Amino acid sequence: MFDTMTGVKVVAGLCGALLVFLLVNWAGNAIYFGSEHGHEGAEEHAAFMPGLMEAEGGAEEEGAAGAVDFAALVAEADPAKGEKTFSKCKACHKLDGTNATGPHLDGVVGRPVASVEGFNYSQALRDLGGEWTPERLNAFLENPKGYAKGTKMGFAGLKKVEDRAAIVKFLETVGG
């Protein structure tokens, strides 16, 4: 009943199933995260896996980010790179003036905080006051929950200051 050929078939079936799972994982990562990141994109994945980058020395980059002139970085940033990085935001934010899970972000640079009509902001954002300056967006995008404790935004943040500058540059080009 259980001869050598049956054993070989069982092992081959398990190996085939493992191969299928690996290919599905690879395809899902390529579709969801984009194929341009490869294996070096752990920081990019951190937005979807809170706590990943904190364990890998995120404080070092925080210290370096404070020493950098953010306005100069925004001036030099590539809006096309910001548009690519914005793909992480598209799950919750739109740029066409309509709200989704989060408020629309067209015209956000220079707009008063928590001011999109018809969107139910958290009390944390309503209490901030002021407007979304590039520097303020930088601080918020680095760590939303740390900047506005109690915000409903579940995004873990962007650890690279260059990514934040590129997104701000891109958002400056999308008027409202």
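The figures follow:
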| read-out | value |
| --- | --- |
| Accessible surface of the range 70-176, 1.4 Å probe, proportion on carbon and sulfur as whole % | 53 percent |
| Neighbour net charge for LYS169 - beta-carbon separation under 9 angstrom, K R +1, D E -1 | -2 |
| Net charge of neighbours whose Cβ lies under 15 Å from the Cβ of LEU95, counting Lys and Arg as +1 and Asp and Glu as -1 | +2 |
| Protein-only accessible surface order, largest first, of ILE167, ILE31 at 1.4 Å | ILE31, ILE167 |
| Net +/- balance of residues flanking VAL74 in space, Cβ distance below 13 Å, scoring K and R +1, D and E -1 | -3 |
| Å² of accessible area per residue within the range 63-176, as computed with a 1.4 Å probe and no ligands counted | 49 Å² |
| Links that overshoot a 18 Å alpha carbon limit, given the list LYS88/LYS149; LYS90/LYS149; LYS94/LYS169; LYS84/LYS145; LYS84/LYS169; LYS81/LYS152 | LYS88/LYS149; LYS90/LYS149; LYS84/LYS145; LYS81/LYS152 |
| Efficiency of FRET between ASP78 and THR133 - r from beta-carbon atoms, R0 25 angstrom, step 0.05 | 0.75 |
| Potential extension, VAL11-VAL68 segment - 0.36 nm per residue separation minus Cα distance | 14.9 nm |
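The values are calculated or read from the model by the stated rules, or taken from the named source; none is laboratory data. Owing to the predicted nature of the structure, the values given are computational and were not obtained by experimental measurement. In this analysis, Cβ positions are derived from the backbone assuming ideal geometry, glycine residues included, and neighbour counts consider all displayed protein chains. When the accessible area is computed, the model is the full protein with side chains, heavy atoms only, and any ligands, DNA or RNA have been set aside. Shrake-Rupley method; radii C 1.70, N 1.55, O 1.52, S 1.80 Å.
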